[in-house]
Amino acid sequence: MSKITVSTLNKMKAEKNKITALTAYDASFAKLFHDNGVDVILVGDSLGMVLQGGDDTLAVTNQDIAYHTRCVRGGSRELFIIADMPFMTYSSVSETCKNAAQLMRAGANMVKLEGGEWLYDSIKTLTQQGIPVCGHLGLTPQSVHVFGGFKVQGREEIKALEMIADAQALEAAGAQMIVLECIPSELAKRITDAINIPTIGIGAGTQTDGQILVMHDLVGISAGYIPKFSKNFLLETGNMPDAVKKYCRDVKSGAFPSAEHEFK
Ligand code: KIV
């Protein structure tokens, strides 16, 4: 497979060729995902839950993400890797730059930050200094205690309008991609139409420019339960390479997610 860059991802958006993404935390899975058609790998702070067994993502450190980014990069030099910036590692512009630089040195191609307009200065500085940025709106798991649980966001029109304005502010600051998590499908479409950079959905319906899942959800081994927006692709395929291929095929064709995985 050829090397994916931000230009490839923009072209995919323009051509309505859906972007496929999965989380990975080590070299073997990252390579397997890439070899079977995944365009983007996220070293997500979801590792605090699926690898470390936490109830949320808050205990994850920048060192944790740097370590797993290095592991994932070991899977292939061709991978497009987004590394998550953990809770409270981007609370000032200078902290953000220092911590993002550590993740880029570990092998990331882009860093992801959760939040809206308040990140404007940090994102502007990061991109000026050569660090590509992915935003993350909707159910931003690092704010789980503010939300009072892992809940769908943006159902009220005032919140929806705020989220659209946040997406536009992230783009204006220089962000080159935005993850939209657990929001009504119709709002995901409005956001995708309101900006020029690719949107990647998880629990955000079919109208985003791409989809992402936590790898443990894709194979049905997340501790506890499978979220409504996810699907166990291993059940119907029986082996990992075919599960990944089916996920990619279904995302590209629009078969996944279907109505049962959406929020209204
Ligand atoms: O940490 C993570 O895996 C994420 C995805 C759920 C998008 O942020």
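The values are calculated or read from the model by the stated rules, or taken from the named source; none is laboratory data. Since we're looking at a predicted model, the values are computed, not measured. For neighbour counting, all protein chains shown are included, and Cβ atoms are generated from backbone atoms with ideal geometry for every residue, glycine included.
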The lone exception for Ile164 - which of (1) of a type in the set (Val, Ile, Thr); (2) more than 22 Å from Phe87 (Cα to Cα); (3) within 11 Å of the ligand (Cβ to nearest atom) it fails = (3)
request  = Taking the residues in the range 214-233 that are away from the ligand (no atom under 12 Å from the Cβ) and among the charged types (D, E, K, R) as candidates, determine which candidate is nearest to Ile41 (Cα to Cα).
outcome  = Lys231
ask   = Looking only at the range 219-264, which residues are at pLDDT below 95 and of a type in the set (D, E, K, R)?
value = Lys228, Lys231, Glu236, Glu260, Glu262, Lys264
note = Flagged in the range 1-31 as crowded, with 17+ Cβ neighbours inside 10 Å and more than 14 Å from Ile81 (Cα to Cα), in numbering order, are Met12, Lys13, Lys18
ask   = Are any of the residues in the range 60-83 aromatic (Phe, Trp, Tyr) and surrounded by fewer than 16 Cβ atoms within 10 Å (Cβ to Cβ)?
value = yes
message = For the list (1) more than 18 Å from Val40 (Cβ to Cβ); (2) more than 16 Å from the ligand (Cβ to nearest atom); (3) surrounded by 18 or more Cβ atoms within 10 Å (Cβ to Cβ), I need the number of the one condition that Ile131 fails.
response = (1)
request  = Scan the range 222-244 for residues that are touching a residue at least 12 places away in the same chain (Cβ under 8 Å) and closer than 20 Å to Gly201 by Cβ and report the count.
outcome  = 10
request  = Inspect the range 32-44 for any residue being in a loop (DSSP other than H, G, I, E, B), away from the ligand (no atom under 14 Å from the Cβ) and over 17 Å from the mean Cα position of the chain (by Cα) and give the result as yes or no.
outcome  = yes
query = If a residue has to be within 15 Å of the ligand (Cβ to nearest atom) and within 18 Å of Lys246 (Cβ to Cβ) to count, how many in the range 202-213 make the cut?
reply = 5
key: Enumeration of residues in the range 163-191 that are over 16 Å from Ile123 (Cα atoms) and crowded, with 24+ Cβ neighbours inside 10 Å   = Leu180, Ile183, Leu187, Ala188, Ile191
message = Take Ile178 and tell me if it is within 15 Å of the ligand (Cβ to nearest atom), β-branched (Val, Ile, Thr), at pLDDT 95 or above and out of contact with any Lys or Arg (no Cβ under 8 Å at 6 or more places or on another chain).
response = yes
request  = Check off (1) in contact (Cβ under 8 Å) with a residue 60 or more places away in the chain; (2) in contact with an Asp or Glu (Cβ under 9 Å, 6 or more places away or on another chain); (3) farther than 24 Å from Lys31 by Cβ for Gly53 and give me the number that stays unchecked.
outcome  = (2)
request  = Could you list, in sequence order, all residues of the range 1-31 that are of a type in the set (Gly, Ala, Ser) and assigned to a helix (DSSP H, G or I)?
outcome  = Ser7, Ala14, Ala27, Ser28, Ala30
